[in-house]
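The values are calculated or read from the model by the stated rules, or taken from the named source; none is laboratory data. None of the values given here were measured: they were computed from a predicted structure. Don't worry about glycine lacking a Cβ; one is built from the backbone with ideal geometry, like all the others, and counts go over all protein chains shown.
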Amino acid sequence: MTKSKKGFTIIEVVLVLAIAGLIFLMVFIALPALQRGQRNTQRKNDMSRIMSALTEYRSNNSGMAPCQKTPNECNSTTSELANFIKRYLVSDNNATIEKRAIGGASSGITTTQCYESFCDPDGTPYALTRFYNWSNEKVGTDSNGTKYFEWSNSGDWNTFYTNAKNGHEVMLAVYAKCDSNNEGRILQTSGVGSTALLYVLEGGSVTCVDNQ
C-alpha cells in the first residue's frame, strides 16, 4: 500500500503568513520609535555636556554664566556666548560663529557647521539662545508666586516653542532651575550661579537640565 505524503494545508500556510506579517508590522512600527528614543537620549546627553561646560565656565568667571554681566550684548557673534561655544564646547577658537534668526523672532548663536558633538543628531548645529529677562511679558507666575517660563506647543508659549523646535535652539537661562513638576518649565531663583537649559526633543516634548 502506498502512503500519501502529508503537506501543509492552506489554512496553515495562511496562518504562518499572517503571524509573519504581524511580526513584521510590529517591528516596522517599533523601529522608528526606538530610533527616535536613541536620538533623544543623545540630545539629553548633549544638554548635560553643555551644562558641564557651563559649570567649568562659571568656575573661571566668578560664578557667572555667559553674558550674565552684560545680557544685552549677548546676540553678537563676538559676545561671551559665542566665545563660550568656541572655547568650552567645540574647543576651536577659529570656529565660525553666526547669529541665527528664526522667523524674525528669537535669535541663537551657533556654529556654521558641526564641530565635535555640538550638533543635533539630525546634523544641525545647536544654537544657544540666552534668556535673562524675568520681567518679560511672556513670563508667568505660579500659585506660589514664583515666576516661570516655558516652551509649549499651545497658548502664549507657542512662538517660543516653534522657533526653538525649528531652529534647534537651546535656551540658556540664569537665575533659573527646572520645575520638577513640569519638565518644559523653568522657575526663577535668586542664586547667581543657578542655570538651566531647555531643549525641544524629537516628538515635541521638552527636556530641562539645571545645576541644582
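General observations
- Of all the criteria given as (1) touching a helix residue (DSSP H, G or I) at 6+ places or on another chain (Cβ under 7 Å); (2) under 23 Å from Gly193 (Cβ atoms), the one not satisfied by Tyr148 is (1).
- Residue match in the range 114-131 (condition: over 13 Å from the mean Cα position of the chain (by Cα), farther than 18 Å from Gln42 by Cα and either surrounded by fewer than 17 Cβ atoms within 10 Å (Cβ to Cβ) or hydroxyl-bearing (Ser, Thr, Tyr) (or both)): no
Listed here are the residues, each with its yes/no results for (1) modelled with pLDDT of 80 or more; (2) surrounded by 10 or more Cβ atoms within 10 Å (Cβ to Cβ); (3) within 24 Å of the chain's Cα centre (by Cα); (4) small (Gly, Ala, Ser).
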| site | (1), (2), (3), (4) |
| --- | --- |
| Lys6 | no, no, no, no |
| Leu31 | no, yes, yes, no |
| Gly37 | yes, yes, yes, yes |
| Met51 | yes, yes, yes, no |
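- Some residue of the range 196-204 being surrounded by fewer than 20 Cβ atoms within 10 Å (Cβ to Cβ), of a type in the set (Asp, Glu) and touching a residue at least 60 places away in the same chain (Cβ under 8 Å): yes
- Test: Ala173 is under 20 Å from Ala101 (Cβ atoms), part of a strand (DSSP E or B), touching a Leu at 6+ places or on another chain (Cβ under 9 Å) and not acidic (Asp, Glu): yes
- Criterion (among the small types (Gly, Ala, Ser), under 19 Å from Pro125 (Cα atoms) and either without any contact (Cβ under 8 Å) to a residue 12 or more places away in the chain or surrounded by 14 or more Cβ atoms within 10 Å (Cβ to Cβ) (or both)) met by exactly one of Ser79, Ser59: Ser79
- Failed item, numbered, when Ile186 is tested on (1) within 14 Å of Met47 (Cα to Cα); (2) crowded, with 22+ Cβ neighbours inside 10 Å: (1)
- Restricting attention to the range 53-74, the residues that are under 20 Å from the mean Cα position of the chain (by Cα), among the small types (Gly, Ala, Ser) and part of a loop (DSSP other than H, G, I, E, B) total 1.
- Looking only at residues in the range 140-170 that are outside any helix (DSSP H, G or I) and aromatic (Phe, Trp, Tyr), the one that is modelled with the highest pLDDT is Tyr148.
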